[in-house]
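The structure appears right after this line, and notes come after that.
The values are calculated or read from the model by the stated rules, or taken from the named source; none is laboratory data. Computed from a prediction, not measured in an experiment: that's the story for all the values here. All Cβ positions, glycine included, derive from the backbone under ideal geometry; neighbour counts span all protein chains shown. Accessible surface is based on the protein model in full, side chains and every heavy atom, while ligands, DNA and RNA are left aside. Shrake-Rupley method; radii C 1.70, N 1.55, O 1.52, S 1.80 Å.
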Amino acid sequence: MSWGIIGSVTRRLMLLDTASLYFRAYFGVPDSVRAPDGTPVNAVRGLLDFIGRLVHDHRPDELVACWDNDWRPQWRVDLIPTYKAHRVAEETPAGQTDEEEIPDTLSPQVPIIEDVLAALGIARVGVTPYEADDVIGTLTARAKGPVDIVTGDRDLYQLIDDARQVRVLYPLKGVGTLQLTDEAWLREKYGVDGAGYVDLALLRGDPSDGLPGVPGIGEKTAAKLLDAYGDLGGIMAAVDDPKAKLTPSQRKRLDESRAYVAVAPKVVRVAGDVPLPDFDPALPREPRDPAALEALAEQWGLSGAIQRLLTVLQH
C-alpha cells in the first residue's frame, strides 16, 4: 500500500512537522524525564504525548510524521547563502550535509523517536535533499481529502487553502492549545491568503531562516504592497512603472533587491513535487512490532507514554 490511499475523499490526513514538535517537546518537558540508564527522554515522551493528544482531539484517519532528511538543502543555500546559516554548528566539506546546532541532550533522542515510530507503525517520511516542509507540501498537493498540518513553523501557512480544506494547527502551548489557522485568520492577521503568504514572507524576510528580505519593507508595508499590486510580480512591475504610487524609498529598495527577489520564491516556497517512497499512511490501531515496542518501552522508560498513545489509537 502506498500514499495513494490518500485519494479517498472522506479520509482526514494529519501531517506532522516532526522536528518542530519534538523541539517543542524537548523544551516543554523537564529533562529530569530520563531512561533507566540516565539518558534524557523528555523529547521522546513529549512527542508521544503530543501525538496522542492530536489523534484524540482531531481523529485523523491517516497520519504521517514528516522528517527533515536535509534540514538545509544545498539547492536552497546555492540560491540564498544565508539560508539557515546561523543554525549551522559546523561546516562540512562540499557535497555533505552541514550539522545543525541542536541541544546536546536532544540529538541522542532522535534515533529513539525513529525506532518508536517504526515499532508503532506510524509512517515516517523523509526524502533527501528535502526538508520536512517539502514532504508536507507534496503530500498536501496530492491529498484528495481534508488535511491538518501540525507545525510551529509559520512558513507552512502558505499551504492553507479553505477550498481544499487544508489548515494549519499551530501549537500555542503544547498541543492542548492549538491555533486553527485558515484563510480567514490569515487575512485578518496578515492581509493575505495562503498563496500570498510566500510573497509576504520573502518581502518581509525571516531572521530565523536567514532570509534577508527587502530592506525597509516590513510586514505591514509588504501587506499593503500586495494589496495594491496583487502579487510579487505586480509589485516588481510597479517598480518599472513611473506612474505607480510607490514611495521613492520603496522603489529604490525594491530595485536594489532584484537579485534576491528573483531567487527567493524558490527558496521560500515549499516543494510540491518531492519523489516520495511508498508507505502506508493509515493510522495504526495496533503496533506494527509489539515485541520491539515493548523492548523500547523498557529500555527507555517509556511504558506510560507508549501505553497512553496505544489506548488512543485503539479507540
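Return the residue satisfying two criteria in turn: it lies in region 264-294 and is small (Gly, Ala, Ser) and closer than 15 Å to residue 159 by Cβ, and of such residues it is least open to solvent (accessible area, probe 1.4 Å). Give the steps one after another, and end with the answer.
Just the residues of region 264-294 that are small (Gly, Ala, Ser), to begin with: 264, 271-272, 282, 291-292.
After this cut, where a residue has to be closer than 15 Å to residue 159 by Cβ as well, the list is 271-272.
On the way: 271: 16, 272: 41 Å².
This residue is 271.
Would you tally the residues in region 298-309 being surrounded by fewer than 20 Cβ atoms within 10 Å (Cβ to Cβ) and within 20 Å of residue 55 (Cα to Cα)?
Step one: of region 298-309, the residues surrounded by fewer than 20 Cβ atoms within 10 Å (Cβ to Cβ) are 298-299, 301, 303-304, 307-308.
Applying the additional criterion that residues be within 20 Å of residue 55 (Cα to Cα) yields 303-304, 307-308.
Going through region 298-309 one residue at a time, the tally reaches 4.
With the checklist (1) of a type outside the set (Ser, Thr, Tyr); (2) within 24 Å of residue 160 (Cα to Cα); (3) surrounded by fewer than 20 Cβ atoms within 10 Å (Cβ to Cβ); (4) at pLDDT 95 or above in hand, flag the one item residue 37 doesn't pass.
(2)
Any residue in region 45-71 that is within 18 Å of residue 279 (Cβ to Cβ) and in contact (Cβ under 8 Å) with a residue 24 or more places away in the chain sitting within a Cβ distance under 7 Å of a residue that is in a helix (DSSP H, G or I) and hydroxyl-bearing (Ser, Thr, Tyr)? List the pairs, counting only those 6 or more apart or interchain.
Sorted first by the residue in region 45-71, then by its partner, the pairs are 65/18; 66/18; 67/18.
For region 136-169, name all the residues that are open to solvent by 10 Å² or more (accessible area, probe 1.4 Å) and either part of a loop (DSSP other than H, G, I, E, B) or among the polar types (S, T, N, Q) (or both). Before you say what the answer is, go through the steps one by one.
Keep residues of region 136-169 that are open to solvent by 10 Å² or more (accessible area, probe 1.4 Å), which gives 141-142, 144, 146, 152-155, 158-159, 161-165, 167.
Those that are open to solvent by 10 Å² or more (accessible area, probe 1.4 Å) and either part of a loop (DSSP other than H, G, I, E, B) or among the polar types (S, T, N, Q) (or both): 144, 146, 152, 153, 158, 165.
Can we say residue 255 is in contact (Cβ under 8 Å) with a residue 24 or more places away in the chain and open to solvent by 50 Å² or more (accessible area, probe 1.4 Å)? Write out each step before concluding.
On the way: in contact (Cβ under 8 Å) with a residue 24 or more places away in the chain: no; open to solvent by 50 Å² or more (accessible area, probe 1.4 Å): yes.
Answer is no for this residue.
Can you give me the number of residues within region 122-134 that are of a type outside the set (Gly, Ala, Ser) and under 9 Å from the mean Cα position of the chain (by Cα)?
Matching residues across region 122-134 total 3.
Considering only region 262-315, state which residues are among the small types (Gly, Ala, Ser) and either over 30 Å from residue 204 (Cβ atoms) or part of a loop (DSSP other than H, G, I, E, B) (or both).
Initial filter on region 262-315 (among the small types (Gly, Ala, Ser)): 262, 264, 271-272, 282, 291-292, 295, 297, 301, 303-305.
Scanning region 262-315 gives 271, 272, 282, 291, 292, 295, 297, 301, 303, 304, 305.
Give the residues of region 188-229 that are assigned to a helix (DSSP H, G or I), closer than 19 Å to residue 84 by Cα and either among the hydroxyl-bearing types (Ser, Thr, Tyr) or more than 23 Å from the chain's Cα centre (by Cα) (or both), sorted by residue number.
The one that is assigned to a helix (DSSP H, G or I), closer than 19 Å to residue 84 by Cα and either among the hydroxyl-bearing types (Ser, Thr, Tyr) or more than 23 Å from the chain's Cα centre (by Cα) (or both): 208.
Taking region 170-185 as the search range and keeping residues that are touching a strand residue (DSSP E or B) at 6+ places or on another chain (Cβ under 9 Å) and assigned to a helix (DSSP H, G or I), which one is surrounded by the fewest Cβ atoms within 10 Å (Cβ to Cβ)? Even if it seems obvious, please write down each step before you answer.
At the first step, the residues of region 170-185 found to be touching a strand residue (DSSP E or B) at 6+ places or on another chain (Cβ under 9 Å) are 170-172, 175, 177-183, 185.
Then keep just the ones that are assigned to a helix (DSSP H, G or I); that gives 183, 185.
Working: 183: 19, 185: 16.
Among residues in region 170-185 that are touching a strand residue (DSSP E or B) at 6+ places or on another chain (Cβ under 9 Å) and assigned to a helix (DSSP H, G or I), the one surrounded by the fewest Cβ atoms within 10 Å (Cβ to Cβ) is 185.
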